[in-house]
1. Taking the residues in the stretch 171-201 that are under 26 Å from T212 (Cα atoms) and outside any strand (DSSP E or B) as candidates, determine which candidate is least open to solvent (accessible area, probe 1.4 Å).
2. So which of L233, L209 is open to solvent by less than 40 Å² (accessible area, probe 1.4 Å) and touching a residue at least 12 places away in the same chain (Cβ under 8 Å)?
3. Out of the stretch 8-26, which residues are part of a loop (DSSP other than H, G, I, E, B) and open to solvent by less than 40 Å² (accessible area, probe 1.4 Å)?
4. Scanning for something free of Cβ contacts under 8 Å to residues at least 40 places away in the same chain and aromatic (F, W, Y), does the stretch 106-125 turn up at least one residue?
5. Of all residues in the stretch 93-123, how many are modelled with pLDDT under 95, at negative phi and over 14 Å from the mean Cα position of the chain (by Cα)?
6. So, in the stretch 147-170, how many residues would count as being small (G, A, S) and open to solvent by 50 Å² or more (accessible area, probe 1.4 Å)?
7. Here are some residues: R249, R221, R225. Which one is more than 20 Å from C143 (Cα to Cα), open to solvent by less than 30 Å² (accessible area, probe 1.4 Å) and modelled with pLDDT of 95 or more?
8. Look through R46, R86 and report the one residue that is open to solvent by 70 Å² or more (accessible area, probe 1.4 Å), within 22 Å of Y125 (Cα to Cα) and modelled with pLDDT of 90 or more.
Amino acid sequence: MKEYHITSNDSGQRLNKFLGKTVPLLSGGQMHKYLRLKRIKINGKRTEAGYKLTEGDVVQLYLNDSYFDAPQEEDAYRHISHPRVRVVYEDGHILLADKAPGMVVHADERGGTDTLIAHIQAYLYQSGAWEPSAAASFAPALCNRIDRNTGGIVIAAKTAEALRILNDKIKSRELEKRYLCVVHGRPQPSEGLIENYLRRDETRKQVTLHSTRVPGAKTARTRYRTLASSGRLSLVECELLTGRTHQIRAHMASIGCPLLGDGKYGVNERNRPYGESGQALYAYSLSFHFQTDAGALSYLDGKTFTVQDVPFVQKYFPEYHL
């Protein structure tokens, strides 16, 4: 038997709606059957599907464990009752989400389905913007990804057409992504271009930089400029001219200014006094600069979107405003 204690967030909705989100593997027919058999109760008493939940109610489910099996990533959205999506921008074709540091965009080697794409799909499903049964051939999908501990703008396509166009535009470098980071020290010079070759080591989950091309390496180019400095830290804006794994983290470390909180490319001894558990890196700005026809997304050309705030900027450089 499983119990759910109703809070203010869930009060006011019908029991059948609550069960549809909480136990998505339970069909409507099975729900009505178990209501008749008193295997679904409210406060220990028989109830009806249309019962309106109130704060303090206890929903009791006498159901087989199979109804509560861990969801697969493709249907994880059905198990999310309160989507955590910070919307930067949304229209009929795309959604720009401000991913929180610590959240993964897709399921990774750790497993689990508490991912950004699952929360976006849940948000669109619950808002009525996406109906899976009416669009079986397409589900909202991400066009780009950022590391678990990096925050910032991630693009989700709400239509197959938008996904195709954006994938092409990202490949042809017609989107401009800018990041904010806090680094140790003061970059010298205060602004410049870092350009070399980056090779990814899949075994170590780390990258190495090379001054000349080596097997498996790809060109990596980052433009940076120092926005502010305070004590032993600096606030730096980075523009990705190529989009390689860990590019900013490796590039800033290569000029003697590793990111605050970055234990992979930095030195934990320097990070420890600040108590940061992940790299201070945020994809705060996204601009569309189309060079070729963008079809249904042409209206986005020339537009720039930014997040409302970046926590580590407020913490370490409170006088700086985005």
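The values are calculated or read from the model by the stated rules, or taken from the named source; none is laboratory data. The structure displayed is predicted, hence computed values, not measured ones. Neighbour counts run over all protein chains shown; Cβ positions are idealised from the backbone, glycine included. Areas reflect the complete protein model, heavy atoms only, side chains present, ligands, DNA and RNA absent. Shrake-Rupley method; radii C 1.70, N 1.55, O 1.52, S 1.80 Å.
1. Step by step, filter the stretch 171-201, then rank; the result is P187.
2. L233
3. The initial filter retains those residues of the stretch 8-26 that are part of a loop (DSSP other than H, G, I, E, B), namely 8-13, 23-26.
D10, Q13, V23, P24, L26, listed by residue number.
4. no
5. The total comes to 2.
6. Qualifying residue count, the stretch 147-170: 1.
7. Exactly one of R249, R221, R225 is more than 20 Å from C143 (Cα to Cα), open to solvent by less than 30 Å² (accessible area, probe 1.4 Å) and modelled with pLDDT of 95 or more, namely R249.
8. Working: R46 fails: within 22 Å of Y125 (Cα to Cα).
After applying the criteria, what remains is R86.
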